[in-house]
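Nothing in this text is a laboratory measurement; each read-out follows from the coordinates by a stated rule. If you're wondering where the values come from, they're calculated on a predicted model, not measured in any experiment. Heads up, the Cβs are rebuilt from the backbone with ideal geometry, glycines too, and the neighbour counts pull from every protein chain shown.
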There are 2 protein chains.
Amino acid sequence: MNKQDVAGIAEKARQAGLKLGTVGTVKKDDALRFMAEGLSESKAALFAANAEDITHAKKHGMQPAFIDRLTMNEKVLKSMIDGLNEVRALKDPIGEITKAWTRPNGLLVGRMRIPIGVILMIYESRPNVTVDASALCIKSGNAVILKGGSEAIHSNRAIVAILAAALEKASLPPDAIQFIDTPDKDVLYEFLEKDELIDLVIPRGGESLIRSVAEHSRIPVLKHYKGICHVFVDAGADLARAKRICFNAKVQRPGVCNAMETLLVHKDVAQAFLPDMIAMYREAGVEIRGCEETRKVVQDIKPATEQDWYTEYLALILAVRIVDSLEQAIGHINHFGSHHTDSIVTSDVDHSMRFLREVDSSTVLVNASTRFSDGFQLGLGAEIGISTSKLHAFGPMGLEELTAQKFVIMGSGQIRE
Amino acid sequence: MNKQDVAGIAEKARQAGLKLGTVGTVKKDDALRFMAEGLSESKAALFAANAEDITHAKKHGMQPAFIDRLTMNEKVLKSMIDGLNEVRALKDPIGEITKAWTRPNGLLVGRMRIPIGVILMIYESRPNVTVDASALCIKSGNAVILKGGSEAIHSNRAIVAILAAALEKASLPPDAIQFIDTPDKDVLYEFLEKDELIDLVIPRGGESLIRSVAEHSRIPVLKHYKGICHVFVDAGADLARAKRICFNAKVQRPGVCNAMETLLVHKDVAQAFLPDMIAMYREAGVEIRGCEETRKVVQDIKPATEQDWYTEYLALILAVRIVDSLEQAIGHINHFGSHHTDSIVTSDVDHSMRFLREVDSSTVLVNASTRFSDGFQLGLGAEIGISTSKLHAFGPMGLEELTAQKFVIMGSGQIRE
């Protein structure tokens, strides 16, 4: 793939996006139904393509967990099809007038939701992202350019052919789903220069992938590098509740971005709370790294260094710090955190409001587990990614975050004096 | 100013922004009132600083129009003070819960408006932008770093000192308004690298300034390069209305971005509409450049080249093209336009809806002048700039566009199963 191919793909996506942006919901939903049917009908071909990727991965000595994420079987195929049906059931955001008002001169001014245009999705091994991302982009009227991991290239190529055929069957432009059919990094970097043709880049994967995309991109990037999530157990908190939440936030699924990495405990409850809590963690195999005060309260705890406060473990390791006050907890979170997700367990309503207002994170919770920071859990119906920077979207992103709003104005001959 | 100074200024702004983001409206409004009082009380010092800029500009042989934009007199000062009072009267967007809903598990999920953080404003000669931009940023809880034109550096320095003192008087962090006190381009480029400390860049001025900012910035930039605005006069349009709108869109203030640059006319009304319309334009000193068909309808018209369709004249020049259909008009606008502002004059309701939906511009009007594409005219109460790209904001930007929304979640002990 050379520079001209890159420009050609981006231009085709742009033209297809312009068309897709103005079609009605019925056609888009038809396409999603045809996609589900296509995947189901082409099962054998899909599994054969996937087998090529798996053979290749095994030959290169990849770990079982990696092979597992890469594998398409009946269960994975069903979850892809379920995902398509769920997106089909979502309300089409396009064309919605989100507000409208009348000016003194009689002009009716409204904001209308429109697609963003062309979205470049960059992601790693799981082939289901190919389906999920395509479904969300098409439903919201956007064209999408897909760049999956090289390890899944045969699977992704086969999936994209089925998705594009479904667009055509629904009389929609098949060019609305484009696929970067090469593992060549320079080709990707070429796409990241095309800011006149591509409107948005969403990378999903490890921090190094995302940093490399952000560094090379001239196009806006919606991303989060990491989730250093905190739970703060306040003085006077309901400690049974606190234990349940803190256990869930760390242990229920430690490898994801909304799992807790640092536990902050108010000094007034440290003695009553930490010994039991840490015993529960130890029983679940969680390694504790504590501040000096923590190590006075519970025996045999590894000391936490400053680096621990900055670390996303994504594993059964937890940093614990005892703080003097709500202020110090908020200060710690805003200084060491990653603007992702943070929770307070408290019985004090003033503290809950201060925490909600002052913690500078995309999702802030009171008396609930950090694990709820997820598009599905929050009721967005979907999730295309999570943003920890404040431009355009902050927090989990659903269909609405794949739209913009234009001003539409109805007049009756008004001119400006 | 060296690299360390740049990092220091950006870091000070960041810290001040964190504080400013959580203060109540009363203090922010106090600061805006003290700013207005400060400007009024320091009139003599301001005019003296401004005189230095004017002397310098005259010595360098600047044009009278340039000197005029640079000059601060009683009228300009009054407009600055009026601007501060108007922003003070606007509703504070921060803390607003824009929507909230309950999940089946009882979690109350809401979106709360918060400031973006630190905004870098880059602009040219008018010193009033220093006041307007500061007022909007402070009201919306953002810190601002100001980079005005080098030709106004004495005026801006004097204004910023007064604004920062007003912040201090209101017990707000004076560091929330920072000033880049050097014309050195390399210093500006250094700021544009500070994506960890600065959240958003808004450049205002000529296309070359904006392109240079966009090229050097690692921080998201909200901008428009130019406004190639169209009016399309449809078949069956009320021609008296069409003339009024087309005249206003071109002639009322030709040097601004929402003035019309290209007039599109449906072939069925060209004969009835264009001779009178062009006579009106000629009387107002407008030079016409027409397509071949236009030149058959009216005598002595300069031929338009393809380049004319891409040109923002910002002057009393108008390109005119006769088109065969609504589709062709929309196609022309989406191909040659700049996604800024476009209007249709029509009596056909279906055509009005198609134009609103299909024209890919930030402001689309029916039966009204393009000159209404302006934050004040649309009722936003203010305007910090206009965006023609779809991320975060599309069209005129007011106070709300200087905010983000975080997820705030109230639970009662919920954990994820």
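Classify chain B from the C-alpha gyration tensor, please: rounded if a/c falls under 1.5, else prolate or oblate depending on whether a/b exceeds b/c.
It comes out oblate by the Cα gyration axes.
May I ask you to sort B:S338, B:S347, A:S140 by Cβ crowding, counting other Cβ atoms within 10 Å and putting the fewest first?
B:S347, B:S338, A:S140
About its Cα centre, what dipole magnitude does the protein assembly as shown give when the only charges are +1 on Lys and Arg Cβ and -1 on Asp and Glu Cβ, stated in debye to the nearest 20?
Roughly 820 debye, rounded to the nearest 20.
Looking at the range A:43-93, which trypsin sites (Lys or Arg not before Pro) are in a loop (DSSP not H, G, I, E or B) and have at most 12 other Cβ atoms within 10 Å?
Filter output for the range A:43-93: A:K91.
Need one word for the range A:229-377: rounded, prolate or oblate. Basis is the Cα gyration tensor (sqrt eigenvalues a ≥ b ≥ c); a/c below 1.5 gives rounded, then a/b vs b/c decides.
It is rounded, given that a/c, with a ≥ b ≥ c, falls under 1.5.
Grab the other residues whose beta carbon is less than 14 angstrom from that of B:I301, score K and R as +1, D and E as -1, and report the net.
Counting the neighbours of B:I301, the net charge comes to +1.
From the label point of B:G8, set 7 Å along Cα to the beta carbon, how far off in nm is each other copy's matching point, shortest first?
Nearest to farthest, the other copies are at 5.6 nm.
State the percent of C-alpha pairs, over all pairs in the range B:12-168, separated by a distance greater than 18 angstrom.
61
If you add up the charges near A:I97, with Lys and Arg at +1 and Asp and Glu at -1, over every other residue whose beta carbon is less than 13 angstrom from its beta carbon, what do you get?
+4
By DSSP, what percent of the beta bridges with both residues in the protein assembly as shown are antiparallel, rounded to the nearest 5?
Roughly 30 percent of the beta bridges in the protein assembly as shown run antiparallel, per DSSP.
So for the pair A:D348, B:A240, with labels modelled 7 Å out along Cα→Cβ, what separation do we get in nm?
7.1
Would you please give the residues with an amide H less than 5 Å from that of B:Q178, counting only those at least 5 places away or on a separate chain, with H modeled from the backbone geometry?
B:V144, B:I145, B:L146
Report the calculated FRET efficiency for B:T98 and A:V256 (r = Cβ-Cβ distance, R0 = 30 Å), to the nearest 0.05.
0.65
Under 14 Å from a point placed 7 Å out from the Cα of B:L314 along the Cα-to-Cβ direction: which residues of the range B:336-372 have their backbone N that close?
none
Please report A:E86, B:E207 as a ranked list, fewest other C-beta atoms within 10 angstrom at the top and most at the bottom.
B:E207, A:E86
With each label point set 7 Å from Cα along the Cα-Cβ vector, what nm distance links A:M62 and B:D5?
For A:M62 paired with B:D5, the spin-label model returns 5.3 nm.
Taking the alpha-carbon set of the protein assembly as shown, what are its Rg and Dmax in Å?
Radius of gyration, then largest Cα-Cα span, for the protein assembly as shown: 28.7, 96 Å.
Summing Lys, Arg as +1 and Asp, Glu as -1, what charge do residues with Cβ under 14 Å from the Cβ of A:K406 carry, A:K406 excluded?
-1
Could you check what % of the DSSP bridge pairs in chain B are antiparallel, to the nearest 5?
Expressed as a percentage, antiparallel bridges in chain B total about 30.
Taking a ≥ b ≥ c as the square roots of the Cα gyration tensor eigenvalues, with a/c under 1.5 meaning rounded and otherwise prolate when a/b beats b/c, else oblate, which class fits the range B:238-307?
oblate
Using only helices, what value at 222 nm comes out for chain B when you add -39,500 (n - 2.57) per DSSP H run of length 4 or more and divide by the total residues, to the nearest 500 deg cm²/dmol?
Result for chain B, helices only: -13500 deg cm²/dmol.
What is the order of B:T346, B:T262, B:T102, fewest Cβ neighbours within 10 Å to most?
Fewest-to-most ranking of B:T346, B:T262, B:T102: B:T102, B:T346, B:T262.
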